[in-house]
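Following: one structure in structure tokens, then a few remarks.
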Amino acid sequence: MNRPVLLLLASLFALSAGGQAAAQSSTAYPAKPVRIVVTLAAGGSSDIVTRLFAQKLADQLKQPFLVENRPGANSIIGAGYVAKSAPDGYTLLSANTSILTIHPTLYAKLPYDPQRDFAPIAMLVIQPTLLVVHPSVPARSIKAFMALAKAEPGKFSYATPGSGTPFHLSGELFNAQTGIGLVHVPYKGFQPATADLLAGRVQTSFATVLDALPHIKAGKLRPLVYTGSQRHVLLPDVPTTSEAGIKNAESVSFFALVAPGGTPREIITRLNAEVTRIKAQPDVRKRLIHEFGVEPGIDSLDQFEAFLRAEVVKWAKVVKASGIKVQQ
């Protein structure tokens, strides 16, 4: 056999072997433990939800999915770490609303570009908020409260765990869509914000179902409206903003799984399918809704990506219109 033919056969063999190796690499994923970085401290809602999904992924894919907490700088430290990690599917990020949709407008400089440096995998859960009021507020419906607030501009204030948080932006969106002018009072975390709300030093707050429900049951807070697209099963008597006639005031936080940009699409779609399977399991749905107060997120990867693009635009308008500033 002459030399040109031998070289051609060798090249074809190399191409075939390379293609087979790539296919085997994708098919075999995961071949070792996978890390999921959570950007908040252990014990919080994002940590608990992530650990639930991590355990289920480990059960289904027969490899450990290890949760690693890297809190700090309003989630920027952990997000920056994952953005710079190898795009091989073995370091993932449990991303929140702020990282993917709010920070791009809120901060002039970030160590990553959310659209370029992260590849969306799956939305784990969504978490709308409740507008709750202290019992001293005489209004027993959202319409009555809006009438009170409009009659006395600047009288009512709302507590949040900090400027630039999703709860702050929910409040500013609500202000913009209703014109009632709630005054923002930022705190350094949930505990002091909740303490002052329960004491009546501030009158309202935008809170999660998980945080508010015990106080609602105890008669210490009154829910007026829910910012989701449909009523929450644990609070069936609380109307949505849409039902209350407040247009375009829906606001949800979310937790999502993302990978470093450039991660192979085969790995992305594999993980998306596995997460979708998990969300369909009755025991998981029950825990998410009844124990954590959240709702399973969008299943479709295309719809999730479209949702992210729309949320970036939506929150950019809120940030710019309200003049929200944070220290960098």
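Considering the range 157-189, the residues that are part of a helix (DSSP H, G or I) and in contact with a Gly (Cβ under 8 Å, 6 or more places away or on another chain) include one that is surrounded by the most Cβ atoms within 10 Å (Cβ to Cβ), namely H168. Among the residues of the range 287-309, the ones that are within 16 Å of E250 (Cβ to Cβ) and buried (at least 17 other Cβ atoms within 10 Å of the Cβ) come to 6 in all.
Residues are listed down the side, and each one gets a yes or a no for (1) among the polar types (S, T, N, Q); (2) modelled with pLDDT under 95; (3) within 23 Å of E274 (Cβ to Cβ); (4) outside any helix (DSSP H, G or I):
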site	(1), (2), (3), (4)
M1	no, yes, no, yes
L12	no, yes, no, no
A31	no, no, yes, yes
V37	no, no, yes, yes
T50	yes, no, yes, no
A54	no, no, yes, no
G89	no, no, yes, yes
T101	yes, no, no, no
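Any residue at all in the range 60-73 that is touching a strand residue (DSSP E or B) at 6+ places or on another chain (Cβ under 8 Å) and under 22 Å from H290 (Cβ atoms)? No, the range 60-73 has no match at all.
The condition of being surrounded by 19 or more Cβ atoms within 10 Å (Cβ to Cβ) and in contact (Cβ under 8 Å) with a residue 24 or more places away in the chain holds for only one of V284, V312, V326, V319, that being V319. For E243, the test of being surrounded by fewer than 23 Cβ atoms within 10 Å (Cβ to Cβ) and in the same structural domain as A41 (by TED's automatic domain parsing) is failed.
Every condition in (1) in contact with a Gly (Cβ under 9 Å, 6 or more places away or on another chain); (2) of a type outside the set (G, A, S); (3) under 23 Å from A176 (Cβ atoms) is met by L224 except one, and the failing one is (1).
Within the range 222-231, can one find any residue that is of a type in the set (A, V, I, L, M, F, W, C) and either surrounded by fewer than 20 Cβ atoms within 10 Å (Cβ to Cβ) or part of a loop (DSSP other than H, G, I, E, B) (or both)? No, the conditions are met nowhere in the range 222-231.
Could you tell me which residue of the range 200-214 is nearest to L173 (Cα to Cα), considering only residues that are surrounded by fewer than 18 Cβ atoms within 10 Å (Cβ to Cβ) and touching a Ser or Thr at 6+ places or on another chain (Cβ under 8 Å)? For the range 200-214, the residue satisfying everything is L210.
The numbered conditions (1) surrounded by 15 or more Cβ atoms within 10 Å (Cβ to Cβ); (2) over 21 Å from V318 (Cβ atoms); (3) in the same structural domain as V318 (by TED's automatic domain parsing) are all true for H103 except (2). T194 fulfils the conditions (1) polar (S, T, N, Q); (2) buried (at least 19 other Cβ atoms within 10 Å of the Cβ); (3) in contact with a Ser or Thr (Cβ under 7 Å, 6 or more places away or on another chain) except for a single criterion, (3).
Against the list (1) under 12 Å from I324 (Cβ atoms); (2) touching a residue at least 60 places away in the same chain (Cβ under 8 Å), the condition T178 fails is (1). G200 falls short on exactly one of the conditions (1) of a type outside the set (S, T, N, Q); (2) at pLDDT 95 or above; (3) at negative phi, and that condition is (3). For the range 182-195, indicate whether the set of residues that are aromatic (F, W, Y) and at pLDDT below 95 is non-empty. Yes: the range 182-195 contains one or more residues that are aromatic (F, W, Y) and at pLDDT below 95. Screening the candidates A212, A176, A195 for the property of being of a type in the set (A, V, I, L, M) and over 24 Å from the mean Cα position of the chain (by Cα) yields one hit, A195.
For K84, the conditions (1) under 18 Å from E274 (Cβ atoms); (2) modelled with pLDDT of 90 or more all hold with the exception of (1).
Scanning the range 269-286 turns up one or more residues that are closer than 24 Å to V67 by Cα and assigned to a loop (DSSP other than H, G, I, E, B).
The values are calculated or read from the model by the stated rules, or taken from the named source; none is laboratory data. Remember, predicted model here, so these are calculated numbers, not experimental data. We place every Cβ from the backbone using ideal geometry, glycine too, and count neighbours over all the protein chains shown.
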